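**Q** Provided herewith is a single structure, encoded as structure tokens, for subsequent inquiry.
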Amino acid sequence: MQKSIDVYAYLRHEKKFPLIWCAGCGNGIILGSIIRAVDGLGLDKNLVSMVSGIGCSGRTSTYVDFNTLHTTHGRALAFATGVKFGRPELTTLVVMGDGDCLSIGGNHFIHAARRNIDMTAFIFNNNIYGMTGGQVSPTTPEGMIASTASYGNREPNFDACKLAVAAGASFVARGTTYEADSLDEIIALAIQNKGFSVVEVMTPCPTIYGRYNRLGNAVKMLRMQLEDTVTVEEAAGMSPEELKDKVVTGVFHDAPRPELCEEYELVIETALKK
Amino acid sequence: MLSKKTKVKYTEKKKKSKYPMVSFQIFDKWCKRCGICVDLCIHNVFMVDEDGYPRAVKPVECNVCGFCITRCPDFALRILERGEKNAQG
Ligand SMILES: Cc1ncc(C[n+]2csc(CCOP(=O)(O)OP(=O)(O)O)c2C)c(N)n1
Ligand code: SF4
Ligand code: SF4
Ligand code: SF4
């Protein structure tokens with residue numbers, strides 16, 4: 001079987017299961033993809049660190065048997081920068097919600113991208129603040145309902161991938177939980193990039209976002225991802241009208257450039273010579 | 001590499017066999033009865049029992065595509081190939 005790996009070897013299932021997330025929440029599917037990618041790359045789990053922020057998505061680090069840090073809201077990338085600078089040999093994975101990464105953590109996000117520090121940043125994009133009950137987030141699409149947008153959101157939303165490319169990330173991609181197999185591959189590529197990689201994953205939040213917007217149950221929301229998305233390759237042949245309301249998935253940007261920790265090695269070398 | 005959507009792979013024809021090649025482990029204490037595995041399996045391997053938990057009623061139909069396992073958000077589902085030992089849970 002293609003997926004016959006022992007995911008349980010990477011999970012703290014004895015102490016921390018069942019997962020706290022709601023039935024059908026996509027976060028667990030992403031965690032599965034991350035584990036399969038790490039396993040596929042043959043990484044030693046003791047040399048992987050996962051840093052997460054606060055939110056439903058932030059719980060991810062609790063369940064996985066890497067070196068984990070569950071940090072504060074919006075600051076996961078700041079903690080991860082410390083981890084990576086202190087222990088550059090660690091493969092560093094950062095898990096954030098869309099609010100976590102793009103509202104309160106937006107500043108950390110653009111600067112981590114600009115610095116091109118070697119880590120993979122995951123944005124678990126459920127289009128809303130899940131944990132705190134459904135406030136509008138910078139990724140809530142226009143017209144959608146949230147607890148702070150009862151008449152429909154009138155703010156344009158961020159395209160996190162375009163933002164990441166513009167800020168300087170050297171690998172940028174988007175996947176969905178429905179396309180979990182492609183997601184495994186995307187994550188493996190992102191981890192292999194020596195620099196700041198961003199993987200935005202569209203994930204259903206049936207309890208909050210789904211209910212506010214009457215999107216149906218978990219199964220329906222998961223299936224909807226298939227209809228709502230097109231690959232980069234398909235999108236290339238589509239008009240802007242056809243692409244309206246579609247989410248594009250795939251690798252958008254893969255352009256390695258000098259990485260921060262390596263650049264600092266040079267600084268140290270120079271300083272020692274003086 | 002990622003140009004093909006998963007559904008293309010997913011609808012491939014499967015080989016017929018009289019005996020199940022696999023057995024299923026469903027960890028009820030982790031399963032949240034979301035129904036994703038039941039709904040997504042195109043070979044209708046699962047049925048829902050009276051308490052809402054999935055049960056593999058037609059394991060012989062399974063072509064081991066792995067779709068249900070990778071989409072189970074709670075790691076509550078495991079497919080054991082013939083000869084594989086039971087896992088923790
Ligand atoms: C400094 C600070 N501000 C606000 C909060 C409250 N808070 C907790 S989680 C959260 C947002 C959650 O949304 P998101 O980051 O999208 O993650 P999700 O829960 O949807 O996974 C907020 C505002 C906090 N914990 N800390
Ligand atoms: S509130 Fe939404 S994001 Fe949070 S665990 Fe429930 S379904 Fe998942
Ligand atoms: S692996 Fe799962 S989804 Fe695939 S055929 Fe078997 S039971 Fe169905
Ligand atoms: S997908 Fe997983 S959690 Fe959902 S019903 Fe199936 S086994 Fe249970």
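The values are calculated or read from the model by the stated rules, or taken from the named source; none is laboratory data. Being a predicted model, the structure only gives us computed values, none of them experimental. No Cβ is skipped: glycine too gets one built from the backbone with ideal geometry, and neighbour counts run over all protein chains shown. These accessible areas exclude ligands, DNA and RNA; they are computed on the full protein's heavy atoms, side chains included. Shrake-Rupley method; radii C 1.70, N 1.55, O 1.52, S 1.80 Å.
**Q** Would you pick out the residues in segment A:202-229 that are at the interface with another protein chain (Cβ under 9 Å from one of its Cβ atoms), more than 17 Å from residue A:141 (Cα to Cα) and open to solvent by less than 90 Å² (accessible area, probe 1.4 Å)?
**A** Result: A:218, A:219, A:222, A:226.
**Q** Looking only at segment B:32-42, count every residue that is open to solvent by less than 40 Å² (accessible area, probe 1.4 Å) and assigned to a loop (DSSP other than H, G, I, E, B) and tell me the total.
**A** 3
**Q** From A:182, A:239, grab the single residue that is within 11 Å of chain B (Cβ to nearest Cβ) and away from ligand 3 (no atom under 16 Å from the Cβ).
**A** A:182
**Q** Something else: Quick one: in segment A:85-94, of everything that is free of Cβ contacts under 8 Å to residues at least 60 places away in the same chain and within 15 Å of the chain's Cα centre (by Cα), which residue is nearest to ligand 2 (Cβ to nearest atom)?
**A** For segment A:85-94, the residue satisfying everything is A:94.
**Q** Name the residues in segment A:16-27 that are farther than 17 Å from residue A:128 by Cα, facing chain B (nearest Cβ under 7 Å) and not aliphatic (A, V, I, L, M), would you?
**A** A:17, A:18
**Q** Kindly establish whether residue A:245 is more than 9 Å from chain B (Cβ to nearest Cβ), surrounded by fewer than 17 Cβ atoms within 10 Å (Cβ to Cβ), within 20 Å of the chain's Cα centre (by Cα) and charged (D, E, K, R).
**A** no
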